[in-house]
Structures are given as C-alpha cells and as structure tokens.
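Here's the structure we're looking at; comments come further down.
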Amino acid sequence: MNRTILVAGGAGYIGSQVCKALAAGGDRPVCYDTMEKGHAWAVRWGPLEQGDIGDAARLDDVFARHRPAAVLHLAGYIEVGESVRAPERYLHNNAAKSDVLIAAALRHGVEAFVFSSSCAVYGLPRAELLAEDHPIAPLSPYAESKARTERSLAAAAASGLRSAALRYFNAAGADPGGEIGEAHEPETHLLPLAADAALGLGPPVTVLGDDYPTPDGSCIRDFVHVADLAEAHLRALDWLGAAAPGGRHEAFNLGSGRGYSVREAMAETARLAGRPVPHAVGPRRPGDSPRLVGDIAKARRMLGWQPTRDLAVQIEDTLRWRRRVPRA
Ligand SMILES: NC(=O)c1ccc[n+]([C@@H]2O[C@H](COP(=O)([O-])OP(=O)(O)OC[C@H]3O[C@@H](n4cnc5c(N)ncnc54)[C@H](O)[C@@H]3O)[C@@H](O)[C@H]2O)c1
C-alpha cells in the first residue's frame with residue numbers, strides 16, 4: 001500500500017512478524033524499539049529507530065522525519081509473574097509511557113493507532129468464551145497496564161484518534177518462512193519451553209499449577225499463530241482507514257476460539273516432536289486465570305479476519321524455529 005507505519009516494539013517477537021507482513025503488503029515499517037528485549041536480527045524489513053515510547057522528544061523527531069500514516073503499538077514488558085513482583089515497572093513502562101506515545105500520535109495527526117492488548121484484561125472468566133463485552137477485571141499489574149492503555153485510547157477518540165485494541169490470546173508459533181520467531185529472555189511461554197524440553201535444548205517444563213477447576217487441573221489457553229496475528233494488524237489498519245471520519249475506538253479479540261490445556265499442548269508437542277516433553281508440576285503463578293478462550297466473532301465480522309494456522313501448525317513452526325533460533 002506504500003504507507004509508512006511506525007511499529008513500536010517492532011524488534012520483538014510479534015512486532016517483527018508484523019513488520020514482515022507490512023513489507024509483504026508494500027508498506028514501509030519503521031521499527032521503534034529500545035532494543036532492551038528486541039533483537040537486531042529481527043529488524044529486517046525497514047529502518048530501526050532506537051528509542052523509548054516514553055521519550056516525547058525522540059518520538060517528535062522520528063514522527064517528523066518519517067511522517068508515519070499509522071502507529072502499531074506492540075512495545076511493552078510482557079511477563080505476568082514479574083508484573084506481580086514489580087507492579088510499578090509495568091504500570092510505568094506499559095501504561096504511563098503508552099500515554100506519551102498516544103499524545104505523540106495525536107500531535108502528529110496519525111490516521112490510525114493499533115494497540116497490542118491482551119485477553120488478560122478479562123481476569124476470571126464468567127463465560128466459556130470471552131467476548132469483548134465481558135467485564136474488564138485485571139488480575140495482574142500487566143493486565144491492568146493493558147486495561148489502562150485501552151482506556152487512554154478510548155478517551156483519545158474525543159480528540160479524533162482512530163484506534164483499535166487487539167486483545168491477543170496466547171501468541172504462538174514462528175514465521176512460516178522460518179526467518180524469525182520467539183526468543184524471549186527469560187522465556188515464559190509454554191510452546192517454546194515445551195519444544196526446548198522435548199528437543200533437549202532446555203530444562204523440563206514446570207506446569208504452573210495442576211489444581212485449577214479444569215478437566216485435567218492445568219490452565220486452559222487459546223493459542224493463536226503469530227502470522228495470523230500479524231495479518232490481523234493489516235486488517236485493523238484497513239478497517240480504521242475505511243471507517244467514517246472522526247475519532248473512534250474498538251476492541252477486538254484475536255484468538256482461535258478453541259482452548260487447550262497446558263497438559264494437552266505438551267502432549268501435542270510430544271507427539272509432533274516424536275519425543276516426550278519432560279515436565280514437573282509447580283505452584284500456581286499469581287495473576288493467572290484458569291481459563292482464557294476467546295470469542296472471535298467480532299474480528300471475523302468487522303475485520304474480515306480468520307485465523308488459519310491451528311495448534312499443530314503452531315507447534316511444528318515452533319519446533320522448527322527452536323532448532324535454529326539465534327542463541328546468546
Ligand atoms: N506474546 C503474547 O502471547 C502476547 C499476548 C498478549 C499480548 N501481547 C502483547 O504484544 C506485545 C508484543 O509482545 P511480544 O511477545 O512480541 O513481546 P517482545 O518482548 O518480544 O516485544 C516487545 C518489544 O517492545 C520493546 N519495548 C519494551 N518497552 C519499550 C519501550 N518503553 N519503548 C520502546 N520499546 C519497548 C522491547 O524491546 C521488545 O522488542 C506486547 O505489548 C505484549 O504485551 C503479547
């Protein structure tokens with residue numbers, strides 16, 4: 001489409017996949033990232049502007065030079081457990097600094113703003129499938145930081161900002177083309193940990209609680225492929241571009257609509273790896289919800305988005321990626 005798009009957090013796991021999808025569609029992604037958690041090898045589809053979303057002067061400089069039509073905001077810290085131990089770190093980096101980025105987007109008149117929110121904003125589920133109108137009841141400072149930023153975006157609609165909050169469920173898998181993938185330090189996500197354990201590349205998986213009110217006692221999650229998530233960002237940009245003039249804000253779930261328990265996901269990893277996933281049971285992690293499975297009808301209907309890569313594809317892509325991930 002030939003647009004310049006500022007991708008905050010574009011050197012991370014999901015942001016780099018979004019940059020690849022933008023470039024494939026003819027857009028020019030400008031990656032804006034502190035590089036604290038990002039990887040230089042993941043910035044391949046446009047320039048890197050190293051900077052913090054909380055740095056208004058640096059943002060003004062980058063916006064003035066690149067004149068992005070839209071902002072995709074994926075920057076932030078991502079560990080629920082760490083956020084319980086260090087709430088201020090999360091509320092400051094994820095929520096307060098997001099407000100600085102939103103203000104910059106307003107100052108520079110961007111046409112659209114897409115934010116990476118999380119299903120964690122729902123807290124304890126009151127229904128089998130969580131729809132966007134489920135109450136917002138964060139169980140952790142991480143989730144609270146997402147809820148706050150969503151509120152800031154909703155408020156900014158009055159100033160003319162057009163935004164979408166994409167509430168990802170569990171991002172999983174790796175680039176189908178094999179170029180990029182998940183490389184968090186520390187890694188806290190189930191599929192890469194299970195893949196590493198099966199491949200003998202990492203320690204046994206710790207199942208974080210097996211006394212939840214679920215059929216096998218482990219938490220149930222909704223896994224969605226990172227390439228499907230990336231595609232949803234393009235759909236969200238198109239939808240915001242086509243919307244009637246004036247500010248607006250809308251939230252969309254991005255999941256698969258189907259839940260798997262931690263034990264089921266480990267069993268599927270073992271099957272596809274052809275090797276067992278060594279594991280042990282540990283205590284529950286504060287801030288975790290027993291079950292988070294999304295109703296994705298709204299994204300289907302309004303964005304025309306449909307996830308196409310199921311859990312088996314996610315695990316196969318993860319196994320392939322973990323065999324060759326650049327390791328420090
Ligand atoms: N991975 C998931 O399953 C998942 C689920 C729901 C929501 N999300 C959200 O999606 C986004 C991307 O997640 P990810 O898994 O790619 O994480 P990631 O850690 O791989 O990427 C985040 C990037 O943001 C950068 N960053 C952090 N703070 C910054 C700041 N103040 N200024 C500029 N850059 C900063 C980091 O350096 C990193 O490159 C996050 O906002 C996360 O909360 C992720």
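Laboratory data are not the source of any read-out in this text; all were calculated from the coordinates shown. Nothing here was measured: the structure is a model prediction, and the numbers come from that model. All Cβ positions, even for glycine, are placed from backbone atoms using ideal geometry, and neighbour counts span all protein chains on display.
The figures follow:
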| read-out | value |
| --- | --- |
| Sites residue 264 and residue 40 - FRET efficiency at Förster radius 25 Å, r taken between beta-carbons, to 0.05 | 0.10 |
| Convex hull volume per residue for segment 160-253, taking Cα atoms only, in Å³ | 152 Å³ |
| Residue-by-residue Karplus 3J(HN,Hα) for segment 162-174, coefficients 6.51, -1.76, 1.60, Hz, glycine and proline x | 10, 9, 10, 9, 9, 8, 5, 8, 8, 5, 8, x, 9 |
| Overall form of segment 56-128 per C-alpha gyration tensor (a/c, 1.5; a/b vs b/c) | oblate |
| R0 of 45 Å, Cβ-Cβ distance residue 281-residue 23: FRET efficiency to nearest 0.05 | 0.55 |
| Cross-link reach list, lysines versus residue 37, counting only Cα pairs under 22 Å and skipping chain neighbours closer than eight places | 20, 97, 146 |
| Two-site label geometry, residue 111 and residue 127: point separation in nm, points 7 Å out along Cα→Cβ | 3.4 nm |
| Calculated [θ] (222 nm, deg cm²/dmol) that DSSP helices of n ≥ 4 give over the chain, each run adding -39,500 (n - 2.57) | -10500 deg cm²/dmol |
| Within the chain, percent of DSSP bridges classed antiparallel, to nearest 5 | 5 percent |
| Convex hull volume of the chain per residue (C-alpha atoms, cubic angstrom) | 117 Å³ |
| Residues whose placed amide H lies under 5 Å from that of residue 114, excluding near-sequence neighbours | 71, 72, 73, 164 |
| Nearest-0.05 FRET efficiency for residue 323 and residue 185, computed from C-beta distance (R0 22 Å) | 0.75 |
| Segment 1-112 shape via C-alpha gyration tensor axes, a/c threshold 1.5 | oblate |
